[in-house]
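Data block below; observations after.
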Amino acid sequence: MPHELELTLDTGRSIRLITLEERFTYGWLLAGHATIELNRRMMDELIARHTNPECGEAPHLIEPVQTRFDVDPARAPHGTPARLPEVTCIGRFDSDILPGAVDDVGSDLVVIWFQSDFAPPIDPIVKSQLVALDWDALARGWCP
């Protein structure tokens, strides 16, 4: 499992997964079905919940693939039926300081993604998007 905790980005920077929160994507949906519109609201709420403007923290969402499915139009009054992958993952990664940061001791970034099973392992498609992150643009510096 240690290989799952540390990733080398395309830039050569090393990042480490330090926390991981996971839950079933639709564990709260007791009736009805998922729609593209509902999924967007849910993703927007996840981003808002993990944004902290006071310290400059904004999470990065790896945009998931939504799988459309057919429903009788009379049963789909609230939007276009579509499902996200089964598991929502919210991971905090950390790394060394950002370029030009003199007072910081490190950098970190919250990343939100969706995959079909609980991690680890991280889904290979998600992992390829993680290693392609522009860390210097997305992460925030921190100091104790």
Report summary line: Output for Cβ contacts, cut-off 7 Å, separation at least six or different chains, first residue under 12 Å from Leu84 (Cβ atoms) in the range 41-69, second among the hydrophobic types (A, V, I, L, M, F, W, C) and in a helix (DSSP H, G or I), reads Leu61/Met43; Leu61/Ile47; Ile62/Val126; Gln66/Ile36
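What number of residues in the range 5-37 are in a helix (DSSP H, G or I) and of a type outside the set (D, E, K, R)? Full working, then the answer.
Within the range 5-37, the subset in a helix (DSSP H, G or I) is 5, 36-37.
Applying the additional criterion that residues be of a type outside the set (D, E, K, R) yields 5, 36.
Looking only at that region, the number is 2.
Report whether or not Asp104 is assigned to a loop (DSSP other than H, G, I, E, B), over 24 Å from Phe118 (Cβ atoms), modelled with pLDDT of 95 or more and not small (Gly, Ala, Ser). Give the derivation first.
Working: assigned to a loop (DSSP other than H, G, I, E, B): yes; over 24 Å from Phe118 (Cβ atoms): yes; modelled with pLDDT of 95 or more: no; not small (Gly, Ala, Ser): yes.
No: the conditions fail for Asp104.
Count, please, the residues in the range 108-144 that happen to be of a type in the set (Gly, Ala, Ser) and buried (at least 20 other Cβ atoms within 10 Å of the Cβ).
First, the residues of the range 108-144 that are of a type in the set (Gly, Ala, Ser): 116, 119, 128, 132, 137, 139, 141.
With the extra rule that they be buried (at least 20 other Cβ atoms within 10 Å of the Cβ), the set shrinks to 139.
Total satisfying the criteria: 1.
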Query raised in the report: Can you spot a residue in the range 3-19 that is touching a residue at least 12 places away in the same chain (Cβ under 8 Å) and in contact with a His (Cβ under 6 Å, 6 or more places away or on another chain)?
Result: no
Requested in this report: Pick out the one residue from Gly79, Gly100 that is among the small types (Gly, Ala, Ser), touching a helix residue (DSSP H, G or I) at 6+ places or on another chain (Cβ under 9 Å) and surrounded by fewer than 21 Cβ atoms within 10 Å (Cβ to Cβ).
Outcome: Gly79
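The values are calculated or read from the model by the stated rules, or taken from the named source; none is laboratory data. Predicted model only: the values in this text are computed from it and were never measured. Here the Cβ is made from the backbone with ideal geometry for all residues, glycine too, and neighbour counts use every protein chain on show.
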